[in-house]
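> Can you read through this structure? Questions will come right after.
The values are calculated or read from the model by the stated rules, or taken from the named source; none is laboratory data. Every value quoted in this text rests on a predicted model; they were computed, and no experiment measured them. Cβ: placed from backbone, ideal geometry, glycine included. Neighbour counts: every protein chain shown.
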Amino acid sequence: MADLYTITDLHLSLADMTRKPLFGLAPRLDILKGLSFSIEKGAVLGIVGGSGSGKSTLGRALVRLLEPSGGRVVFDGADITHLSDAELRPLRRRFQMIFQDPMSSLNPRHRVGTIIAEPLRLHGFDGIQARVLRALDHVGLPKEFAQRYPHELSGGQRQRVGIARAIALEPDFILADEIVSGLDVSSQAQVLNLLERLVADLGMTLAFISHDLSVVRRLCQRVMVLQHGQIVENRETAALFADPQAQYTRDLLGAIPLPDPDQVWS
Amino acid sequence: MSFLSVRNLSARVKGGGTLLRDVSLDVAVGEVRGLVGESGAGKSMIGKAVLGILPKAVEITSGQIMLDGVDLLALPPAQRRIKVGATCALIPQDPLTALNPSRRIGPQITDRLVDILGWTRQRAEERALALLGEVQITDPTRVLRQYPHELSGGMRQRILIASAFAAEPKLIVADEPTTALDVTVQKQILKLIAALQVRHGTALLFVTHDLGVVSKVCQKLSVLYAGKVVEDSAVADFFRAPKHPYSAALLAATPKYTDPLAGLQPVPEAVIAAVRAEVGHG
């Protein structure tokens with residue numbers, strides 16, 4: 001199958017402001033150190049790693065919220081590595097993001113309907129009202145929710161609004177950055193099952209960033225493990241869990257407390 | 001014998017909704033009890049009620065909190081503070097906000113020992129040094145002179161653990177102490193808490209939403225729904241056969257990487273309706 005994303009030798013460094021001298025430039029801090037991989041159309045890729053491993057930075061480079069400092073990011077045949085904001089704008093509809101914390105990524109002063117309609121209007125869609133209702137229906141929220149404010153919703157419902165906003169644009173690619181880490185197990189299960197179904201039904205490609213390997217195993221066909229800005233392992237999910245190659249992957253797996261008092265956890 | 005015994009405790013927001021409904025639980029000397037439930041179930045409230053740090057808007061409407069045989073709720077506030085301060089401590093959830101960013105680590109550990117327990121500063125500093133060693137911080141002398149921003153999240157959490165054990169408390173309330181950490185660090189911290197808890201014989205009230213964590217550190221657990229304890233079991237029994245349908249559903253919602261087909265089943269509507277009716281919630 002064709003690749004939606006092809007990433008070649010991706011580097012990203014940021015200015016380390018904590019070590020900036022009074023005069024002169026701040027030293028560069030390398031976050032991503034030469035990543036190469038591709039994402040097939042229709043695939044669900046899990047990106048895992050500890051804090052500081054660069055997984056969120058990688059995600060932001062994929063949807064070009066950050067500009068890489070080296071390498072190439074090719075999206076569906078187009079090199080988007082260094083495109084300007086204006087050049088990116090027509091492409092943005094095609095890659096969307098769902099954020100970790102729905103409380104800070106949904107405008108508290110807007111009703112749910114307005115929140116979902118806003119990007120549709122920016123991208124010049126017609127029949128916006130019908131699209132908003134269809135998106136709400138897709139994520140299993142009744143249409144009355146369009147009139148509500150984010151603070152009137154539960155955490156799981158808010159995250160559904162974030163999903164609705166992303167899928168309303170009918171994107172090819174969705175990046176989900178730790179979208180269930182703030183939720184209870186039951187709402188987490190609901191949101192993940194929903195996402196699994198939507199990706200299959202709407203034929204989207206998904207990159208799912210998470211620190212929870214149990215969740216990734218359930219949802220993703222492929223898993224990429226990051227450590228210190230490098231890929232330590234990138235394999236089919238079943239193969240990776242059956243026989244992890246990298247020591248870091250084994251450490252990550254061994255550290256997960258299973259809900260099972262008989263697990264050897266040393 | 002139970003060191004902490006909460007009896008029929010009820011609490012509510014002043015002039016508003018009920019937070020705790022007739023909660024009873026016991027923590028024996030040296031025992032670890034997990035408090036689990038979804039957010040808003042009241043698990044943190046119980047810990048806060050024991051320590052006497054409930055938000056001002058919350059009032060206790062009935063019940064008793066027996067600590068070492070004394071009913072805390074019957075004591076005048078000043079005496080209650082002395083009793084709790086001498087025997088209890090808290091490991092807070094977020095190591096970023098729990099430490100004062102503008103003060104060095106040293107005084108943040110020793111102040112309490114000096115000001116409340118009347119230790120000499122030298123004795124307090126020796127104690128702090130020894131404890132930082134116990135929580136496996138290398139070069140503790142230097143860390144005492146550092147500021148919180150110079151340390152990683154895992155280091156900060158270790159410092160809060162050291163601080164909690166500093167005055168040899170009989171009971172520690174650990175309020176989701178590892179939710180802000182990643183899995184490998186979480187494992188180190190949990191093992192550390194467990195080792196210190198055993199070595200010092202401290203009882204622990206462990207608030208968490210993660211049943212995986214419960215299975216690793218707790219001997220008993222209470223499952224809460226809408227402020228009511230729906231199950232009180234030994235951990236080994238709970239994971240073999242949960243007694244209450246709601247706790248069984250909670251377990252079924254927890255994912256397991258060893259079994260891709262298990263877990264991630266949302267709590268069924270029927271179970272929620274039944275448990276709501278049972279606890280008398282909305």
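> Taking the range B:160-183 as the search range and keeping residues that are part of a loop (DSSP other than H, G, I, E, B) and either in contact with a Cys (Cβ under 8 Å, 6 or more places away or on another chain) or of a type in the set (G, A, S) (or both), which one is modelled with the lowest pLDDT?
B:A180
> Could you count how many residues in the range A:208-218 are more than 7 Å from chain B (Cβ to nearest Cβ), touching a strand residue (DSSP E or B) at 6+ places or on another chain (Cβ under 7 Å) and at pLDDT below 90?
Number satisfying all stated conditions: 0.
> Does B:G153 meet the test of being more than 14 Å from chain A (Cβ to nearest Cβ), surrounded by fewer than 20 Cβ atoms within 10 Å (Cβ to Cβ) and in contact (Cβ under 8 Å) with a residue 40 or more places away in the chain?
In short, no.
> Moving on to the next point. Can you name the number of the only condition in (1) touching a Ser or Thr at 6+ places or on another chain (Cβ under 8 Å); (2) more than 25 Å from A:L32 (Cα to Cα) that A:D172 fails?
(2)
> Kindly indicate which of B:A86, B:A78 is more than 28 Å from B:V135 (Cβ to Cβ) and of a type outside the set (S, T, Y).
Exactly one residue qualifies, and that residue is B:A78.
> With respect to B:L144, determine if the residue is of a type outside the set (G, A, S) and surrounded by 22 or more Cβ atoms within 10 Å (Cβ to Cβ).
So B:L144 does not fit the description; no.
> Something else about it: Can you list the strands (runs of 3 or more DSSP E) lying wholly within the range A:1-74 that have 3 or more residues being hydroxyl-bearing (S, T, Y)?
So the answer is A:3-15.
> Another question, if that's okay. Output the number of residues of the range A:223-266 satisfying the condition of being more than 13 Å from chain B (Cβ to nearest Cβ), within 21 Å of the chain's Cα centre (by Cα) and more than 14 Å from A:G49 (Cα to Cα).
1
> Right, another one. Considering each residue of the range A:191-207, count those that are away from chain B (no Cβ under 13 Å) and buried (at least 21 other Cβ atoms within 10 Å of the Cβ), and give that number.
Of the residues in that region, 4 qualify.
> A further question on this structure: Where in the range B:184-282 are there helices (runs of 4 or more DSSP H), lying wholly inside it, with at least 1 residues that are more than 14 Å from chain A (Cβ to nearest Cβ), modelled with pLDDT of 90 or more and under 18 Å from the mean Cα position of the chain (by Cα)?
Here the list is empty.
> Name the one entry in B:D26, B:D22, B:D68, B:D115 that is under 17 Å from the mean Cα position of the chain (by Cα) and more than 14 Å from chain A (Cβ to nearest Cβ).
B:D26
> Follow-up question, since we're still on this one. For B:A273, are the conditions met, namely being closer than 27 Å to B:N8 by Cβ, in contact with a helix residue (DSSP H, G or I) (Cβ under 6 Å, 6 or more places away or on another chain) and small (G, A, S)?
no
> Let me ask another. Quick one: in the range B:101-130, which of the residues that are in contact (Cβ under 8 Å) with a residue 12 or more places away in the chain and loosely packed, with under 13 Cβ neighbours inside 10 Å is nearest to B:M45 (Cα to Cα)?
B:P101
> For A:I47, are the conditions met, namely being of a type outside the set (D, E, K, R) and in contact with a Phe, Trp or Tyr (Cβ under 6 Å, 6 or more places away or on another chain)?
So A:I47 does not fit the description; no.
> Answer yes or no: is there a residue in the range A:100-113 that is out of contact with any helix residue (DSSP H, G or I) (no Cβ under 6 Å at 6 or more places or on another chain), assigned to a loop (DSSP other than H, G, I, E, B), over 30 Å from A:G182 (Cα atoms) and touching a residue at least 24 places away in the same chain (Cβ under 8 Å).
No: the range A:100-113 contains no residue that is out of contact with any helix residue (DSSP H, G or I) (no Cβ under 6 Å at 6 or more places or on another chain), assigned to a loop (DSSP other than H, G, I, E, B), over 30 Å from A:G182 (Cα atoms) and touching a residue at least 24 places away in the same chain (Cβ under 8 Å).
> Please find, among B:R80, B:R33, B:R7, B:R12, the residue that is touching a Cys at 6+ places or on another chain (Cβ under 9 Å), surrounded by 14 or more Cβ atoms within 10 Å (Cβ to Cβ) and among the charged types (D, E, K, R).
Testing whether each residue is touching a Cys at 6+ places or on another chain (Cβ under 9 Å), surrounded by 14 or more Cβ atoms within 10 Å (Cβ to Cβ) and among the charged types (D, E, K, R) leaves just B:R33.
> Quick one: which helices (runs of 4 or more DSSP H) sit completely within the range B:74-156 and have at least 1 residues that are closer than 20 Å to B:A174 by Cα, modelled with pLDDT under 95 and of a type in the set (A, V, I, L, M)?
B:77-87, B:95-98, B:105-115, B:121-134
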